[in-house]
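Take a look at the structure below.
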Amino acid sequence: MQADEFANPGMLWVTRGEKLWRTPAGSTGAACAQCHGEAAKGMRGVATRYPARDAHSARLVNLEGRVNLCRTRHQKAEALAHESEDLLALSAYVAHQSRGMPISGEVPAELRASFERGRTQYHKRIGQMNLACTQCHQQNWGKTLLAQTISQGHGNAYPTYRLEWQSLGSLQRRLRACYFGVRAQMPAYDAPELLELELYLAWRGRGLPIETPGVRR
Amino acid sequence: MLARVRVPREAKRGEIIEIRIAIQHRMETGFRLDNFGRPIAKNVINALVCRYNGTEVFRAEMGSGIAANPYLQFHAVAEASGEFVFEWTDDAGERGSERASITVTG
């Protein structure tokens, strides 16, 4: 289902993203395409090196965050809400341009500290169940948890269409679901903790091809 | 309503062709409750029709049992160059349509 360009329901969002890419937005009336040209050229490979540091704010941003920075900074438009159809569509469209390309996983020196915090978080036990990410996705992948087979927990197919969600969803939505699963307090979207985990996941998944939009159960 | 359709661009007369359509729609079943326990009104695409040069070649009536973002696939016989027109409506009365053309040779 994922490999079939047509049957993959995530492609509906990619198609929507392609339309938005050419649609003027904000008080500048500029479309993404106006500054970035054809996404197939300008956005190719971009998703392989996210999350990344935004030079202006010196903050760690993921692809969704970058799209929203372009909206507020360059289009003078409102930021799109987390998990809104339009934000998912644009980030999926951008990530799709890197489909098949390997995740770089390179951690630049200025992100080293964030990366280390992500690594620590990944190995930290959390929630009422007192479980760390690593205990499910590193030590027990391949085994079943209730009706689900635990995967190695990589982020290379996000945003992904989840049949359970009946929708496309971001990597942070998935991570929050894992927090919920171990009955831990879910960090807010864009919390440094989640971004740092994303950074660690990119390193952990280095070399894996981008699969966006993935399809998951 | 956003949709994607796929019809072969070209076909030989008499050839059996595959037609696919996917529509972005929540297909709200009517059985779910919101966070306050209030029922969420049913809203599904209840009817979809495909016409080939004006002749109906496919019709689907859908209900609560169809997953979100329905994907339909069917076959038709290529007879003449022209157009496939898809039209559908949901319970809220919203309509959608999409079209694709085909060139038939031989």
Farthest toward positive dipole pole in segment A:11-96 [+1 Lys/Arg, -1 Asp/Glu at C-beta], among A:ALA55, A:GLN34, A:VAL67
A:ALA55
Folded to 0 to 90 degrees: helix A:112-123 orientation relative to chain A principal axis, Cα:
40
Test of understanding: in a Gaussian network model of chain A with alpha carbons linked when under 10 Å, which of A:LEU63, A:LEU168, A:LEU146 would top the mean-square fluctuation ranking?
A:LEU146
Per principal axis, descending, Cα span of segment A:109-216 in whole Å:
38, 32, 26
Place a +1 charge on the Cβ of each Lys and Arg in segment B:3-105 and a -1 charge on the Cβ of each Asp and Glu, then give the dipole magnitude about the Cα centre in debye, rounded to the nearest 20.
180
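Would you mind giving the total buried accessible surface between chains B and A, with a 1.4 Å probe and ligands, DNA and RNA left out, rounded to the nearest 100 Å²?
Details: alone 6700 and 11330 Å², together 16720 Å².
By this definition, chains B and A bury close to 1300 Å².
Let me confirm one metric for peptide A:8-19, namely the mean number of other chain beta-carbon atoms within 10 Å of its residues' beta-carbons.
Values: counts 2, 9, 1, 4, 9, 3, 1, 5, 3, 0, 0, 1.
That average works out to 3.
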What accessible area, in Å² to the nearest ten, does a 1.4 Å probe give for B:ARG99?
130
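About its Cα centre, what dipole magnitude does segment B:40-97 give when the only charges are +1 on Lys and Arg Cβ and -1 on Asp and Glu Cβ, stated in debye to the nearest 20? Display every interim value, and only then the final one.
Numbers: 4 positive and 8 negative charges, 21 e Å.
So the dipole magnitude of segment B:40-97 works out to roughly 100 debye.
When DSSP assigns beta bridges and you keep just the ones with both residues in segment A:85-217, what percent turn out antiparallel, to the nearest 5? List each step's numbers first, then the result.
Working: 7 of 11 bridges.
Percent antiparallel among DSSP bridges in segment A:85-217 is about 65.
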Rounded if a/c under 1.5, otherwise prolate or oblate - the protein assembly as shown, Cα gyration tensor axes:
prolate
Within the set of other residues whose C-beta is less than 13 Å from the C-beta of A:THR149, count the net charge using Lys and Arg as +1 and Asp and Glu as -1.
+3
Tell me, what is the percent relative contact order of segment B:3-105, built from C-alpha pairs under 8 Å that lie six or more residues apart?
35
The ³J(HN,Hα) series, computed from each phi in segment B:54-64 with the Karplus coefficients 6.51, -1.76 and 1.60 at θ = phi - 60°, rounded to the nearest Hz and given as x for glycine or proline, is x, 9, 5, 10, 7, 9, 10, 10, 10, x, 5
Name the shape class, rounded, prolate or oblate, that the alpha-carbon gyration tensor gives for chain B, where a ≥ b ≥ c are the square roots of its eigenvalues, rounded holds for a/c under 1.5, and otherwise prolate holds if a/b is larger than b/c and oblate otherwise.
prolate
List the residues of segment A:136-175 whose accessible area drops by at least 30 Å² when all protein chains are present, compared with their chain alone, using a 1.4 Å probe and counting only protein heavy atoms.
A:GLN166
Between 0 and 90 degrees, rounded to the nearest ten: what's the tilt of helix A:192-204 against the longest Cα principal axis of chain A?
80
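Ignoring ligands, DNA and RNA, please state the percent of accessible area on segment A:109-216 from carbon and sulfur, probe 1.4 Å. Working shown, then result.
Numbers: 2900 of 5490 Å².
Accessible surface attributable to carbon and sulfur in segment A:109-216 totals 53 percent.
Would you please classify the overall shape of segment A:9-58 from the alpha carbon gyration tensor, given that a ≥ b ≥ c denote the square roots of the eigenvalues, rounded means a/c under 1.5, and beyond that prolate means a/b larger than b/c while oblate covers the rest? Write out the running numbers ahead of the final one.
Numbers: a/c = 1.82, a/b = 1.14, b/c = 1.60.
Because a/c hits 1.5 or more and a/b fails to exceed b/c, segment A:9-58 counts as oblate.
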Accessible area per residue in Å² at 1.4 Å probe, computed on the protein assembly as shown
52
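Suppose a student asked you for the relative contact order of chain A, using Cα pairs under 8 Å spaced at least 6 residues apart; what percent would you report?
On the way: 372 pairs, mean separation 60.2, N = 217.
It rounds to 28 percent for chain A.
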Take A:TRP203, A:TRP13 and sort them by solvent-accessible surface of the protein heavy atoms, 1.4 Å probe, largest at the top.
A:TRP203, A:TRP13
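If you put +1 on each Lys and Arg Cβ and -1 on each Asp and Glu Cβ, how big is the dipole of the protein assembly as shown around its Cα centre, in Debye rounded to 20? It would help to have the intermediate numbers written out before the result.
On the way: 42 positive and 33 negative charges, 194 e Å.
Around 940 debye, computed over the protein assembly as shown.
The values are calculated or read from the model by the stated rules, or taken from the named source; none is laboratory data. From a predicted model like this one, the values you see are computed outputs, not experimental measurements. Cβ sites come from the backbone with ideal geometry, for glycine too, and all protein chains shown count toward neighbours. To get the accessible areas, we keep the full protein, side chains included, count just its heavy atoms, and leave off ligands, DNA and RNA. Shrake-Rupley method; radii C 1.70, N 1.55, O 1.52, S 1.80 Å.
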